[in-house]
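The values are calculated or read from the model by the stated rules, or taken from the named source; none is laboratory data. Keep in mind that this is a model prediction, so the values were computed, not measured. So basically every Cβ, Gly included, is an ideal-geometry build from the backbone, and we count neighbours across all protein chains shown.
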Amino acid sequence: MTPHPRLILPLLFGLLMTACAPAADGETQPQPAPQADHAEGDHPPTDDPPADELDQPLPTACPPEVGTEIAAVIAAQLDAFAADDYAGALALASRSFQAGTNPAAFRRLIEASFPQVADSREHRVLGCQLVAPRVAHTLVAVTGRDGSREELVYVLVEEDDGPSASWAVSAAVMHERGDTLTA
């Protein structure tokens with residue numbers, strides 16, 4: 001599944017622009033590593049993924065207890081938005097997300113990109129997948145106060161907090177019709 005990321009698009013664009021910026025005068029651009037000569041019988045490098053990537057498990061349905069924990073985090077964040085408590089909503093985000101923003105900037109981002117989320121009247125979890133250890137994608141239908149409905153994929157990460165672990169929202173992206181999230 002490759003949802004179209006509206007939430008993280010500005011960050012990715014910034015990283016891309018930084019990486020693709022031309023070098024300043026006097027600076028050199030990094031050059032690709034030279035290719036080693038291959039002895040007869042050796043296989044040249046390919047674009048195939050490394051074998052350890054092929055061994056990764058396919059996404060699986062979230063176990064019921066994980067799905068319940070994740071649904072509670074999403075509901076709490078949506079409730080915080082509805083109560084105009086952006087500091088509380090941000091507290092439910094992952095530490096890495098929190099480190100990159102503040103409640104005022106978070107409010108602007110949510111209100112501009114996700115008006116249904118900023119002022120929702122109801123939501124329903126449609127599916128949950130573990131896509132990696134401690135990473136889940138959750139499909140959520142959100143209905144705004146104006147009656148408009150959007151589907152979003154929430155990306156949640158399990159973070160250690162001392163003796164216990166908890167799920168935190170790392171990102172949310174609009175779910176495009178035709179994309180699948182199957183469990």
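Determine if the stretch 141-157 includes at least one residue that is modelled with pLDDT of 95 or more and over 19 Å from Glu176 (Cβ atoms).
The answer is yes; a qualifying residue exists.
Quick check on my filter: what residues within the stretch 113-142 are in contact with a His (Cβ under 7 Å, 6 or more places away or on another chain) and either touching a residue at least 24 places away in the same chain (Cβ under 8 Å) or among the hydroxyl-bearing types (Ser, Thr, Tyr) (or both)?
Those that are in contact with a His (Cβ under 7 Å, 6 or more places away or on another chain) and either touching a residue at least 24 places away in the same chain (Cβ under 8 Å) or among the hydroxyl-bearing types (Ser, Thr, Tyr) (or both): Gln129, Val131, Leu139, Val140, Val142.
With Pro133, Pro115 as the choices, which residue is farther than 18 Å from Ser170 by Cβ, modelled with pLDDT under 95 and out of contact with any Leu (no Cβ under 8 Å at 6 or more places or on another chain)?
Only one candidate passes the filter, namely Pro115.
Need the failing condition index for Pro57 against (1) at pLDDT 95 or above; (2) farther than 16 Å from Val155 by Cβ, just the number.
(1)
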